[in-house]
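Written below as structure tokens is the structure these notes are about.
The values are calculated or read from the model by the stated rules, or taken from the named source; none is laboratory data. Note that this is a predicted model, so its numbers are computed, not measured. Ideal geometry is used to build each Cβ from the backbone, glycine not excepted, and the neighbour counts take in all protein chains shown. Remember, those area values only see protein heavy atoms, side chains included, never the ligands or the DNA or RNA. Shrake-Rupley method; radii C 1.70, N 1.55, O 1.52, S 1.80 Å.
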Amino acid sequence: MKFLIVFVALFALALAAPVDDVKIVRLDSDVQPDSYKYGLETSDGTQKDEQGQLKNIGTEQEAISVKGSFSFVADDGQTYVVNYIADENGFQPQGAHLPVAPVA
């Protein structure tokens with residue numbers, strides 16, 4: 001149920017973005033009781049793909065593990081891509097334009 005709420009919130013956020021004349025050109029969604037997968041592409045070049053899987057079902061350690069990516073064309077004309085994992089270790093984004101934390 002948690003992942004469904006997250007999915008709906010992200011979808012609503014994507015649709016609510018105030019961008020002129022941007023149209024959805026691809027929308028795929030597959031929601032199951034213990035997993036989900038969706039993809040979104042808009043006419044302005046924005047793309048988002050994500051999949052989530054419920055882990056440790058029925059235990060106190062039940063959690064969702066999410067993998068995904070998104071890309072967008074910025075005002076400077078460059079396409080930025082972020083790949084990420086979100087799980088019990090937190091949100092872990094990676095992208096060529098993102099700073100890397102120093103090794104301790």
- Message: Residues that are open to solvent by 90 Å² or more (accessible area, probe 1.4 Å) and within 30 Å of K23 (Cα to Cα), at least 2 per element: which strands (runs of 3 or more DSSP E) completely within region 34-104 meet that?
- Response: 90-94
- Residues of region 16-33 being open to solvent by 70 Å² or more (accessible area, probe 1.4 Å), closer than 18 Å to V73 by Cα and assigned to a loop (DSSP other than H, G, I, E, B), in sequence order, are P18, V19, D20, D21, K23
- Residue within region 37-45 that is of a type in the set (A, V, I, L, M) and more than 18 Å from G90 (Cβ to Cβ) present: yes
